[in-house]
1. Kindly state, to the nearest 0.05, the FRET efficiency for L351 paired with Q70, given R0 = 41 Å and r defined as their beta-carbon distance.
2. Could you pull out the longest piece of the chain with no exposed loop trypsin sites (Lys or Arg not before Pro) in it, calling a site exposed if DSSP puts it outside H, G, I, E, B and it has at most 15 other Cβ atoms within 10 Å?
3. GluC sites (Glu not before Pro) within the stretch 176-275: which are DSSP loop residues with at most 16 other Cβ atoms inside 10 Å?
4. Can you work out the PRE-style zone for Y136? Point 7 Å along Cα to Cβ, and I want the residues of the stretch 1-23 with backbone N under 20 Å.
5. Tell me what the chain gives for mean residue ellipticity at 222 nm when only DSSP H runs of n ≥ 4 count, each as -39,500 (n - 2.57), the sum divided by the residue total, rounded to 500 deg cm²/dmol.
6. Can you tell me the convex hull volume per residue for the stretch 272-328, based on C-alpha atoms, in Å³ to the nearest whole number?
7. Please report the antiparallel percentage of the DSSP beta bridges confined to the stretch 138-305, to the nearest 5.
8. Give the Kirkwood hydrodynamic radius (Å, one decimal) of the stretch 138-305, defined as one over the mean of 1/r across all pairs of different Cα atoms.
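Read the figures in this text as sums done on the coordinates, not as results from a lab. Being a predicted model, the structure only gives us computed values, none of them experimental. No Cβ is skipped: glycine too gets one built from the backbone with ideal geometry, and neighbour counts run over all protein chains shown.
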Amino acid sequence: MPSLTVLGVETSCDETAAAVVRWTDGGQGPADVLSSVVASQVAAHRPYGGVVPEVAARAHVEIIDTIIAQAMDEAGLGFGQLDGVAATAGPGLVGGVMVGLSAGKAIAMAQGLPLMAVNHLEGHAVSARLAARAPYPFLLLLVSGGHCQLLAVEGIGRSRRLGTTIDDAAGEAFDKIAASLGLPYPGGPALEALAKGGQAGRFTLPRMLLGRAGCDFSFSGLKTAAARLAETVVSEAERADLAFAVQDAIADQLCERSARAMAGYVREHGAEGRLFVVAGGVAANMAVRARLQATATSHGFAFAAPPLAYCTDNAAMIALAGAERLALGLTDGWDAAARPRWPLDAEAARLQPTHVAGRKGAKA
Ligand code: KG4
Ligand code: ZN
């Protein structure tokens with residue numbers, strides 16, 4: 001079977017990343033990751049408690065060439081041995097997206113290679129296929145700092161959104177609640193570590209939308225309630241118990257909404273594609289992941305989630321999405337634009353907008 005070797009570039013948030021992935025045509029995973037380099041900007045943003053777009057864009061510019069050179073070097077390849085170049089074109093912080101997309105275009109143009117302008121969410125959607133067999137179609141829960149969505153993924157470029165957050169993303173809730181507990185940015189991993197020493201029973205937190213129709217999510221009520229409680233906790237044991245309660249409330253909502261999506265998905269797909277994939281930064285949380293895996297099992301779904309390194313932002317997932325696009329002839333012109341917002345399912349976003357005036361929400 002023919003194979004495609006693609007360089008991927010990712011700069012949509014606070015990670016500067018480049019990777020080389022070899023994908024075999026017709027393969028449903030695992031792909032061959034020849035290199036995956038990720039430079040985190042966490043230290044640069046930590047003093048501000050979150051990602052500062054201008055700081056991020058400048059940091060990407062300073063390091064992008066070095067990261068791409070390192071990825072090529074570790075793969076042991078020259079640009080001439082590539083079949084194409086994939087770069088994230090959105091959604092994300094547009095200054096950063098422009099840096100990676102321009103770098104990708106420059107290499108593709110100079111080498112006479114096809115360019116794939118990849119949707120960052122499509123990267124997360126294929127990320128489990130970097131390390132495991134995960135054939136289409138599958139049900140996807142995409143949970144990251146900017147997104148919280150359930151999608152029926154029929155193939156590359158063919159996703160249907162079943163539900164999305166109406167306010168904050170799950171990762172954003174982790175980060176903001178962690179900040180109110182005095183934990184350093186990014187809060188998700190720190191909150192998970194604190195929750196390990198905690199117990200159930202001391203705090204009761206709201207579970208938004210539970211029992212309601214549909215598969216949408218909401219975390220703002222939880223965020224407010226947890227922030228109020230955070231002001232009252234004094235002992236280390238109380239802090240750990242609150243972190244535990246927060247993680248449990250988030251997991252409850254993710255599981256209940258996913259279970260609903262599974263029921264609907266089974267009605268449409270029958271026995272086909274009973275695979276539940278969880279991707280994005282929050283999928284790195286082992287407690288949440290275990291709860292989601294149990295939900296999948298109890299609903300007759302197989303379960304797949306990427307290894308930790310491919311849960312958070314990386315370029316291997318962008319390279320793989322690019323390779324799958326290239327195999328279908330889905331390449332882009334030099335005029336491909338950087339897009340701050342870019343829903344995977346444009347129709348669902350049009351019919352059910354989550355970004356109406358005056359309302360803050362997820363990037364997609
Ligand atoms: O996928 P990602 O790297 O970036 C986006 O596309 O948003 O996700 C980052 C998010 C952050 O909100 C971070 O706190 C969260 O994923 N995260 C976690 C964990 N590791 C990362 N949340 C909970 N537990 C973790 N272990
Ligand atoms: Zn991401």
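1. 0.40
2. 1-132
3. E272
4. Only 1-8, 21-23 pass the distance filter.
5. Roughly -13500 deg cm²/dmol at 222 nm, from the helical runs in the chain.
6. In the stretch 272-328, the Cα convex hull volume per residue is 74 Å³.
7. 60
8. Taking every pair of different Cα atoms in the stretch 138-305, averaging 1/r and inverting gives 16.0 Å.
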